[in-house]
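The values are calculated or read from the model by the stated rules, or taken from the named source; none is laboratory data. Note that this is a predicted model, so its numbers are computed, not measured. Cβ atoms come from the backbone with ideal geometry, glycine included; neighbour counts cover every protein chain shown. Note: accessible area is taken over every heavy atom of the protein model, side chains too, but ligands, DNA and RNA are not part of it. Shrake-Rupley method; radii C 1.70, N 1.55, O 1.52, S 1.80 Å.
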Amino acid sequence: MLASLKLLDLMANNSEAMARLWARDVIKNARTPYYHRFSEDRIIPQAADFYRKLSAVYTLKDPYPAVKEFMTKFAEARFREGVPLREAIYAVILMRRHIWLYAAFQAIFITIIEQHQALDSQTRTILIFDYIIYALTETYETLMMGAASQKK
């Protein structure tokens, strides 16, 4: 649990720094060309907000309802912006990656026990990101069906 709390603190207290690193990555990544047209300052708020909301749901016994709520809003915003679904998913994958890169850079998991606890944290993070991806795609599908029916 100590490692989970360290990771939680890291996300909550360093959301802007993590988001800045994510923005640098997503702007130049070949799998996210939609984001290439934006400055870091334009997209940092979406990742910083994501990290703060993620840290708020991390310790919930059943995080899915809260994940569903914040990811529905996140997905709706990306859909309205015109972000292709595959790029929205990959942007979230990069957000997940930057949690662990930032944690490794900060060397928050030092001892063997903490490294074992880090594996538990990673398992929890993977579960929550599974929920995130599911909620993101579910919302996009709903919005795409709605847009298609409006064109008829």
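When ALA91, ALA147 are checked against the criterion of being out of contact with any strand residue (DSSP E or B) (no Cβ under 6 Å at 6 or more places or on another chain) and at pLDDT below 95, ALA147 stands alone in meeting it.
Go through region 18-68 and give me each residue that's of a type in the set (Gly, Ala, Ser) and assigned to a helix (DSSP H, G or I).
Here is the first cut: in region 18-68, the residues of a type in the set (Gly, Ala, Ser) are 19, 23, 30, 39, 47-48, 55-56, 66.
Answer for region 18-68, where residues must be of a type in the set (Gly, Ala, Ser) and assigned to a helix (DSSP H, G or I): ALA19, ALA23, ALA47, ALA48, SER55, ALA56, ALA66.
In this structure, ALA12 does not satisfy being assigned to a helix (DSSP H, G or I), modelled with pLDDT under 95 and buried (at least 18 other Cβ atoms within 10 Å of the Cβ).
Here ILE110 meets the list (1) of a type in the set (Val, Ile, Thr); (2) more than 12 Å from the chain's Cα centre (by Cα); (3) at pLDDT 90 or above; (4) farther than 18 Å from TRP22 by Cα almost entirely, failing just condition (3).
Would you confirm, using the coordinates I've provided, whether VAL67 is under 17 Å from ALA135 (Cα atoms) and touching a Pro at 6+ places or on another chain (Cβ under 6 Å)?
Working: under 17 Å from ALA135 (Cα atoms): yes; touching a Pro at 6+ places or on another chain (Cβ under 6 Å): no.
No: the conditions fail for VAL67.
Scanning region 65-77 for residues that are within 16 Å of GLY146 (Cα to Cα) and either in contact (Cβ under 8 Å) with a residue 60 or more places away in the chain or in contact with a Lys or Arg (Cβ under 6 Å, 6 or more places away or on another chain) (or both) yields THR72, ALA75, GLU76. The residues of region 53-83 that are crowded, with 19+ Cβ neighbours inside 10 Å, of a type outside the set (A, V, I, L, M, F, W, C) and within 16 Å of MET11 (Cα to Cα), listed by number, are LYS53, SER55, TYR58. If the condition is being among the aromatic types (Phe, Trp, Tyr) and within 13 Å of the chain's Cα centre (by Cα), then region 68-94 contributes PHE70, PHE74, TYR90. If I ask for residues that are under 16 Å from ARG86 (Cβ atoms), of a type outside the set (A, V, I, L, M) and open to solvent by 20 Å² or more (accessible area, probe 1.4 Å), which ones from region 25-46 would you list? Residues satisfying the conditions are ASN29, ARG31, PRO33, TYR34, HIS36.
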